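The values are calculated or read from the model by the stated rules, or taken from the named source; none is laboratory data. These numbers were taken from a predicted model, which means no experiment stands behind them. Cβ atoms come from the backbone with ideal geometry, glycine included; neighbour counts cover every protein chain shown. Note: accessible area is taken over every heavy atom of the protein model, side chains too, but ligands, DNA and RNA are not part of it. Shrake-Rupley method; radii C 1.70, N 1.55, O 1.52, S 1.80 Å.
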Amino acid sequence: MGADIHGMVECRLWHVHEEDGETGEWHAAIGLDVLYAGQDYDAFGCLFGVRNDAGFRPLAAGRGLPADTSGAVRAELSGWGADAHSASWISWAEVARVDWDEPAESTDRRVHRYRRTADGLSYEGKSVWDPAHAAALAARGTPPTAAGGPPDGAWWQDGAEWAVGDTVFRAVRLRRRDAVPPDGEWQPVWTTMRTLAALHGEDNVRLVVWFDN
């Protein structure tokens with residue numbers, strides 16, 4: 001069953017002065033579905049710890065709904081009922097300081113598959129561990145784990161690979177920019193948040209999200 005992300009970018013106006021007794025209320029600025037229409041589990045894992053097969057240290061996992069979130073966000077979330085899960089949020093101040101070259105904490109649990117061509121290896125995709133991968137390793141004398149998952153230790157370090165004909169399987173450790181490329185599907189989200197932050201301050205812009213399966 002697939003997972004989808006939903007949410008809104010919220011903003012708190014810069015001219016509200018809480019030290020003078022004014023209330024700094026958060027306002028819903030734009031729906032996430034206007035800016036992002038993808039379903040990239042690597043990004044979900046990197047950012048919010050959902051479907052985190054790549055093994056990232058999530059930037060903002062399981063924070064829940066902010067106590068002072070806008071009424072529009074609460075209303076939108078309530079419409080999903082029990083289907084909504086893993087609510088969280090992240091401020092632009094946090095996003096702006098991310099080290100996108102930071103590697104995942106572990107090697108991707110999915111096998112990356114390549115096709116050997118006259119021009120070199122051509123990337124074809126990746127998939128969860130299955131009997132075919134175990135059989136391929138067993139054929140070269142490398143037993144899988146007792147649980148049938150990817151092998152432990154040196155056999156599953158970044159760059160470890162094995163071939164079956166023209167198909168090459170490889171263990172890969174991703175970086176954050178692999179999961180969330182600067183020119184990828186999340187670029188409109190970051191551009192919108194950056195623009196609002198330039199007007200209202202980095203700590204006054206945040207993305208509130210939740211997921212459904």
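Here are the numbers for the structure shown:
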read-out	value
Inter-residue pairs, beta-carbon under 8 Å, first without any contact (Cβ under 8 Å) to a residue 60 or more places away in the chain and within 16 Å of Asn52 (Cβ to Cβ) and in the range 91-116, second among the acidic types (Asp, Glu) and open to solvent by 20 Å² or more (accessible area, probe 1.4 Å), 6+ apart	Arg109/Asp53; Arg110/Asp53
Residue match in the range 161-171 (condition: modelled with pLDDT of 85 or more, surrounded by fewer than 13 Cβ atoms within 10 Å (Cβ to Cβ), part of a loop (DSSP other than H, G, I, E, B) and among the acidic types (Asp, Glu))	yes
Filter pass, Ser86 being over 13 Å from the mean Cα position of the chain (by Cα) and among the hydroxyl-bearing types (Ser, Thr, Tyr)	no
Number of positions in the range 180-204 that are within 19 Å of the chain's Cα centre (by Cα) and either assigned to a strand (DSSP E or B) or small (Gly, Ala, Ser) (or both)	1
